[in-house]
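*Asks:* The following block contains the structure, expressed as C-alpha cells.
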Amino acid sequence: MIRVHDLVFKSRVLKLLREGDIENRRYEVTGVISRFKDDLPSPHFVVKDWSGKFVKIDMPEEKRHQILEFISEMIPIKLTGIGTKKRFLEITDLDELEIYNEILLDSIHDTKLRAPIKAKVSYERVNDSDYAIIGNDELGVYGVDSTVNKAKEMFDEDLYSKYIAYKSMRDDKLTVKALELKIKLIDLFKE
C-alpha cells in the first residue's frame, strides 16, 4: 500500500514531473550566430534561426572557441538545448552545437523527387544585411534571400523552372554538358 504522504513516493513523483518538464522545454534550433556577448556575468550568443527569428543562448565556457569559429565564418549551425519561451526563445542549457551547412530536399512544389538532392547552406553579409544561400553546384541551382526558408523557396523555383525549360528543349540544340543536365533534371522529376 502506498501512502500519498510517503516521502519516498513524493520525491519520486516530483522527480518524474521535473524530468517531464525538462523534456517539454527541449528545443532544436538551426541558423547562424549573429551576436556574441562574452562579458560577465552572463556570457551568451544570439542565433538568427532559419525563419529570421532570434534565439538567445547562454554560452558554456567549454564551447567558447567553437562558437567564435562559427561566428567568424558565419557557418550555419544546429543546436539543441533546454530553454524557455518568454518574449523569444532562450536556451539556458546548451546540449549540442554542430555545423549544419547541408540540407536534403526530397520534394519541390509538392512534387516528390525521385531521389533526394543535397543543397549547401551558407550565409553572406553584404552591406550590414545577412543573406542565406542555398545551392547545388552540380545542377546549377541557387536560392538567395533574407532567411533560409525564403532562400529554399527561391531554390525550388530555380530548380523547377530549369526542369521545365530543359524538358522542352531539343537534344540536338544542346551542348554535351547541357544535355547531361537535361537528363539529370528529367530523371529527378520522373515518377
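Here, each number is a calculation from the coordinates, and none is a lab measurement. Please read these numbers as outputs of a predicted model, since none were measured by experiment. Cβ coordinates were reconstructed from backbone atoms using ideal geometry, including for glycine residues, and neighbour counts include every protein chain displayed.
*Asks:* If you check Ser129, Ser34, which single one turns out to be closer than 29 Å to Asp156 by Cβ, within 15 Å of the chain's Cα centre (by Cα) and of a type in the set (Gly, Ala, Ser)? Explain how you work it out, then say what you get.
*Replies:* Details: Ser129 fails: within 15 Å of the chain's Cα centre (by Cα).
Ser34 is the lone residue from the list that is closer than 29 Å to Asp156 by Cβ, within 15 Å of the chain's Cα centre (by Cα) and of a type in the set (Gly, Ala, Ser).
*Asks:* In the range 38-62, what count of residues is obtained for those that are more than 13 Å from the chain's Cα centre (by Cα), surrounded by 11 or more Cβ atoms within 10 Å (Cβ to Cβ) and not in a strand (DSSP E or B)?
*Replies:* Qualifying residue count for the region: 4.
*Asks:* Under the condition of being within 30 Å of the chain's Cα centre (by Cα) and basic (Lys, Arg), which residue from the range 141-187 is farthest from Tyr123 (Cα to Cα)?
*Replies:* Ranking the qualifying residues of the range 141-187, first place goes to Lys182.
*Asks:* Among residues belonging to the range 103-118 that are in contact with a Lys or Arg (Cβ under 8 Å, 6 or more places away or on another chain) and exposed (fewer than 12 other Cβ atoms within 10 Å of the Cβ), point out the one that is nearest to Glu28 (Cα to Cα).
*Replies:* Leu104
*Asks:* Could you list, in sequence order, all residues of the range 119-155 that are free of Cβ contacts under 8 Å to residues at least 60 places away in the same chain, surrounded by 15 or more Cβ atoms within 10 Å (Cβ to Cβ) and in a loop (DSSP other than H, G, I, E, B)?
*Replies:* Hit for the range 119-155 is Leu139, nothing else.
*Asks:* While we're here: Can you tell me which of (1) closer than 20 Å to Ile99 by Cβ; (2) touching a Lys or Arg at 6+ places or on another chain (Cβ under 8 Å); (3) not acidic (Asp, Glu) is the one Pro43 doesn't meet?
*Replies:* Pro43 satisfies all of (1) closer than 20 Å to Ile99 by Cβ; (2) touching a Lys or Arg at 6+ places or on another chain (Cβ under 8 Å); (3) not acidic (Asp, Glu) except (1).
*Asks:* Any residue at all in the range 178-189 that's touching a residue at least 60 places away in the same chain (Cβ under 8 Å) and either part of a loop (DSSP other than H, G, I, E, B) or in contact with a helix residue (DSSP H, G or I) (Cβ under 8 Å, 6 or more places away or on another chain) (or both)? Let's see the steps before the verdict.
*Replies:* In the first step, residues of the range 178-189 are kept if they are touching a residue at least 60 places away in the same chain (Cβ under 8 Å); the result is 187-189.
Then drop every residue that is not either part of a loop (DSSP other than H, G, I, E, B) or in contact with a helix residue (DSSP H, G or I) (Cβ under 8 Å, 6 or more places away or on another chain) (or both), which leaves 188-189.
Yes, that holds for at least one residue.
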